[in-house]
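None of the figures in this text is laboratory data; all of them are computed from the coordinates on show. Please read all numbers here as calculations on a predicted model, not as lab measurements. Reconstructed Cβ throughout: ideal geometry from the backbone, glycine too, with neighbour counts over all protein chains shown.
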Amino acid sequence: MKLSEFKNTEKSQSKSSENREKEDKKVKHTNKQNEKTIEELYSTYKNMNSNELLAQLLKQVDSQKKEGTFDFDNLKNSLNQVMPFLNEEQKNNLMTILNQIK
């Protein structure tokens with residue numbers, strides 16, 4: 001291997017390392033943004049009772065339906081993944097809500 005080839009390989013590895021560091025920083029930043037969003041949502045909804053929460057949910061669904069962004073099948077698939085972790089009462093409540101949204 002020529003010295004010039006070695007030098008180019010070293011630069012390539014260095015750039016790869018820099019790219020990984022940049023990607024790691026992006027992921028950390030995104031995670032912090034997600035945490036902030038979750039905290040804000042929690043703060044918004046934490047003092048609402050079940051009727052108020054349901055009203056908010058139905059309002060959001062209605063808005064998404066009007067915008068054409070509501071995907072019932074995707075929602076149903078996501079909920080099916082959660083179902084095994086719920087007790088019977090929770091499953092029944094969730095199915096009731098799902099039927100109201102439909």
Using only the Cα atoms, work out Rg/Rh for the range 49-102, with Rh taken as the Kirkwood radius, to two decimals.
-> 0.99
Helix 50-67 vs. the chain, principal-axis angle (Cα, 0 to 90°, nearest 10) | 60
Pairs 59/102; 66/102; 36/102: which exceed 22 Å Cα-Cα?
-> 36/102
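Ranked by Cβ crowding within 10 angstrom, fewest neighbours first, how are 38, 101 ordered? Before the final figure, lay out the partial values.
Details: 38 10, 101 18.
In increasing order of surrounding Cβ atoms, one gets 38, 101.
In what order do 82, 61 fall by count of nearby beta-carbon atoms within 10 Å, going from fewest to most?
Values: 82 11, 61 17.
Lowest to highest Cβ neighbour count: 82, 61.
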Put a dot 7 Å past each Cα toward the Cβ at residue 22 and residue 51; how far apart are the dots in nm?
-> 5.5
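Taking the number of other C-beta atoms within 10 Å as the exposure measure, put 41, 98 in order starting with the fewest. Present the calculation step by step, with values, prior to reporting the outcome.
Values: 41 10, 98 13.
Least to most surrounded, the residues fall as 41, 98.
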Normalised per residue, the volume inside the convex hull of the alpha-carbon atoms of the chain in Å³ amounts to 184
